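First up is the structure itself, then whatever we jot down about it.
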Amino acid sequence: MPKTRVTYDTIRCLGLTIPDVEESTSYGTPALKVNRQLSVRLHQDLDKIVLRMPFDRREELMAEEPNTYFITDHYREYPWVLVSLANVRPDALRDLLNIAYRTAGRRRSVAYNSPFLRYSI
């Protein structure tokens, strides 16, 4: 069975179902922000996204699937992970966006009462 191709539009459509998420731009590429804080953006190479991610979780992801989750030297000191659109599993997107949402400067009351966040894959 062929793998479903994830595009930024897939990310955008799913991300916009989350409370307080709005479309924006960052570094000239499409982005999603939570209460004006960057959550995810299309990388300028157009084949990956830059996703907000706590350092500990980022390390776990990179160890588990290094062809999907990785960083460059530029992101080493920042809480972000690069995600290959060609390799990411579509069923992982909701969890990834939830993590980015929780760490992107959201209001606690909205985040913890959101039905989106209670949904798990």
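Full extension of the chain between ARG12 and ASP91 gives 26.9 nm of extra length, using 0.36 nm per residue less the Cα-Cα distance. Inter-label distance, GLU60 to GLN37: 1.9 nm, where each label sits 7 Å from its Cα along the C-beta direction. Counting other beta carbons within 10 Å of each residue's own, what order do ILE71, ILE11, ILE18 fall into, fewest first? Ranked by crowding around the Cβ, least crowded first: ILE71, ILE18, ILE11.
We did not get these values from a lab; they are worked out from the coordinates using the rules stated. Nothing here was measured: the structure is a model prediction, and the numbers come from that model. Here the Cβ is made from the backbone with ideal geometry for all residues, glycine too, and neighbour counts use every protein chain on show.
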